[in-house]
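Read the structure below first, then the notes.
The values are calculated or read from the model by the stated rules, or taken from the named source; none is laboratory data. None of the values given here were measured: they were computed from a predicted structure. Neighbour counts run over all protein chains shown; Cβ positions are idealised from the backbone, glycine included. Surface areas here come from the heavy atoms of the whole protein model, side chains and all, with no ligands, DNA or RNA. Shrake-Rupley method; radii C 1.70, N 1.55, O 1.52, S 1.80 Å.
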Amino acid sequence: MRILAATNNQDKLIEFHRILEPLGISLVTPSDLDIEIQVPETGETFKENARIKAQAFHRESGLPCVADDSGLCVDALDGRPGVDTANYCGEDATYPERMSALLEELKDVPPERRTAKFVSVICCVMDEETVFYSEGVCEGSIGIAPAGEGGFGYDPIFVVGGKTMAERSAEDKDMLSHRGKSLRAFAKLLEEQI
């Protein structure tokens, strides 16, 4: 079965392929189909945004689509940046700028209060009537400074088990990460659907 990964984010596409292909899911990317759409993420929750993206790409392609919406929720910031994670500090900010701003906001917060979690919600739109969701959560904390060369986004400041996600191998990250968990849960749900 071919499923369209409803994202233009190359880092996410790499993770989607790495996690889903060993589970027997054949992924197609928007560029494979010459689809170039930008979908405004206007939802108030990760679930709403994931559905908006999956439905838009499904309508465009006619294929079953899987979309992820994910973000970083910091307890000391009342769950921010949350659904605004990708646009924290503005749409044009780079991830180093976003991490720097987040660390600045947390500069007076002691280590024991720097708890945070990454959340990923997957929405799969098989057809207009068949829509299902999975979710993955990775609990951790925000470090004092970026560390590591791997991963992407906020990985250099997100600490799990004494290491940032950027200090871990891709395989290690996939086992621990919010997206790895939600994609594996999605694969099980898909198996039940077909």
>> For the stretch 112-168, give me the residue count where each residue is touching a His at 6+ places or on another chain (Cβ under 8 Å) and among the aromatic types (Phe, Trp, Tyr).
In response: 1
>> With the structure loaded, tell me whether ALA147 is open to solvent by less than 10 Å² (accessible area, probe 1.4 Å) and farther than 16 Å from ARG18 by Cα or whether it fails that test.
In response: no
> Is there a residue being β-branched (Val, Ile, Thr) and either farther than 24 Å from LEU189 by Cα or modelled with pLDDT of 85 or more (or both) anywhere in the stretch 40-47?
Replying inline: yes
> Does LYS107 count as farther than 20 Å from ALA187 by Cβ and open to solvent by 70 Å² or more (accessible area, probe 1.4 Å)?
Replying inline: yes
>> When you check GLU36 against the structure, is it over 16 Å from PHE132 (Cβ atoms), open to solvent by 30 Å² or more (accessible area, probe 1.4 Å) and over 17 Å from the mean Cα position of the chain (by Cα), yes or no?
In response: yes
> Going through the stretch 150-172 one residue at a time, which ones are in a helix (DSSP H, G or I) and open to solvent by 10 Å² or more (accessible area, probe 1.4 Å)?
Replying inline: PRO156, GLU167, ALA170, GLU171, ASP172
> Filter the stretch 129-144 for residues that are of a type in the set (A, V, I, L, M, F, W, C) and touching a residue at least 60 places away in the same chain (Cβ under 8 Å); which is most open to solvent (accessible area, probe 1.4 Å)?
Replying inline: VAL131
>> Restricting to the stretch 110-128, count the residues that are farther than 16 Å from PHE158 by Cβ and crowded, with 18+ Cβ neighbours inside 10 Å.
In response: 6
> What pairs can you find where one residue is in the stretch 20-41 and of a type in the set (A, V, I, L, M), the other is part of a helix (DSSP H, G or I) and open to solvent by 60 Å² or more (accessible area, probe 1.4 Å), and their Cβ atoms are less than 7 Å apart, with a gap of 6+ or different chains?
Replying inline: LEU27/GLU21; ILE35/GLU60; ILE37/GLU60
>> Could you check the stretch 99-131 and list, in sequence order, the residues that are more than 23 Å from the chain's Cα centre (by Cα) and assigned to a helix (DSSP H, G or I)?
In response: GLU104, PRO111, GLU112, ARG113
> Out of the residues in the stretch 60-98 that are touching a residue at least 12 places away in the same chain (Cβ under 8 Å) and part of a loop (DSSP other than H, G, I, E, B), which is farthest from the chain's Cα centre (by Cα)?
Replying inline: LEU63
>> Between CYS73, CYS65, which is crowded, with 19+ Cβ neighbours inside 10 Å, touching a Phe, Trp or Tyr at 6+ places or on another chain (Cβ under 8 Å) and farther than 14 Å from ILE157 by Cα?
In response: CYS65
>> ILE35 - would you say it is in a strand (DSSP E or B) and over 19 Å from SER70 (Cα atoms)?
In response: no
> Looking only at the stretch 173-194, which residues are small (Gly, Ala, Ser), open to solvent by less than 10 Å² (accessible area, probe 1.4 Å) and over 15 Å from PHE152 (Cβ atoms)?
Replying inline: SER182
